[in-house]
Each structure stands twice: as C-alpha cells, then as structure tokens.
Amino acid sequence: MVYRFMIISDEADGFMREIQIDADAKFLELHKLILEACGYEDNQLTSFTICENGWEKGQEITLEKMDTDSYEDNYIMAETELSEFLEDEKQHLLYTFDPLADRVFFIELSEIKTGKHLDKGKITRSIGEPPVQTLDFDEMFARNPIVDNSAVMDDDADLYGSEIDSDEIDLEGFDISDEF
C-alpha cells in the first residue's frame with residue numbers, strides 16, 4: 001500500500017507539500033521527507049501526533065525516546081511503521097516542527113493506493129514557501145515588546161478600588177500579634 005499525504009500550514013498562505021510513501025515505512029522516513037520538502041535542518045526534537053475526530057490530539061510518536069509515566073506507551077519514529085496508526089483515508093496528523101514555539105504542520109492522509117509499493121518515499125508536489133523552521137525569539141520580542149504598564153500607571157493609582165472596608169475583612173482563624 002502507498003499513502004499519499006497532503007501537508008499544509010496555517011502560517012504560510014499558499015504552502016502545500018504532497019508526499020507519497022509506502023505504508024510499511026517508518027515515521028522517521030516521513031519525518032525526513034518533510035524536512036527535505038521544506039529545506040529544514042534535522043536539528044529539532046520533532047514529533048507526530050495522531051489525531052482523532054478531526055484534529056483532536058491522540059497518540060504521539062517522538063523522534064527520541066521520552067521519559068514518560070510507565071503506563072503510557074512510548075512510540076519512537078525509527079521503530080514505528082505508518083500502518084500501525086494510519087489506516088483510513090482523510091485521517092489527520094500533526095507534525096510539530098518547532099517544539100519550543102509549538103508550531104505544527106497539518107497533515108491529511110488524502111489517499112491510500114492498494115496493490116502498490118514504493119521502495120522509497122517521494123515528494124510529489126511542492127507549492128509555495130514553507131514557514132521559517134524556528135522562530136527567533138529575540139527578533140520576535142524586538143518587533144512586539146512586552147508592554148510596560150508602569151509608565152501608564154499613576155503612582156497613587158488604587159488597583160483594588162477606592163477604599164478597603166476593614167469590617168469586611170474576616171480575620172478569624174489568623175493569629176495576629178505585635179511580636180516578631
């Protein structure tokens with residue numbers, strides 16, 4: 001069986017990649033094809049997430065073995081075949097390509113070709129420019145600095161209202177003494 005995947009991004013208008021790969025291939029091969037299709041370096045701890053009911057996150061397949069609770073299964077790209085989790089057309093996946101900023105590609109298994117086999121996956125369509133692989137946080141903060149409210153606030157500003165009514169404060173249960 002051959003899977004045909006459609007890959008899009010919500011960050012880059014007009015970006016689309018199409019990849020065809022054998023159903024028995026490992027997730028690692030799909031990962032490498034995505035990097036190649038986008039011109040990305042292989043220097044991030046990427047992961048795939050199998051989606052259920054549309055885009056609801058399900059099982060994660062990671063590049064490296066992660067320390068998780070013993071009751072959770074840990075699936076690694078190099079050891080997990082695509083067919084182990086993907087069996088229906090229109091099934092969705094997320095591919096996290098920038099884990100620090102939690103940026104993803106949206107992937108749909110758009111077609112399953114039965115009776116066919118591919119020795120090696122291939123990029124069959126490439127449209128538009130991909131988003132940058134990782135965000136430069138220094139550049140991002142320079143463009144959109146954190147607002148400093150101290151310049152806007154009056155020194156005598158009352159953040160909690162005009163007055164505090166001491167009768168409304170219930171001190172029962174607190175041990176208040178003048179000793180330190």
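THR114 to ASP13: extension gain in nm, 0.36 nm per residue of separation minus the Cα-Cα distance?
Taking 0.36 nm per residue and subtracting the Cα distance, the gain is 33.1 nm.
Net charge near GLU29: determine it from the other residues with C-beta under 13 Å of the C-beta of GLU29, scoring Lys and Arg +1 and Asp and Glu -1.
-3
Looking at this model, which pairs from LYS26/LYS90; LYS26/LYS122; LYS65/LYS116; LYS26/LYS116; LYS32/LYS120; LYS57/LYS120 are more than 21 angstrom apart at the alpha-carbon?
Beyond 21 Å: LYS65/LYS116; LYS57/LYS120.
Taking the simple approach of a point 7 Å from Cα along Cα-to-Cβ for both ASP138 and ALA78, what is their distance in nm?
The answer from the label model is 3.3 nm.
Within the range 1-41, name every residue whose backbone N is under 11 Å away from a label modeled 7 Å from Cα of THR124 along the Cβ vector.
Zone members listed by number: 2-6, 18-22.
Only the coordinates and a few stated rules stand behind these numbers; no lab work does. Quantities reported herein were computed from a predicted structural model and do not represent experimental measurements. Ideal geometry is used to build each Cβ from the backbone, glycine not excepted, and the neighbour counts take in all protein chains shown.
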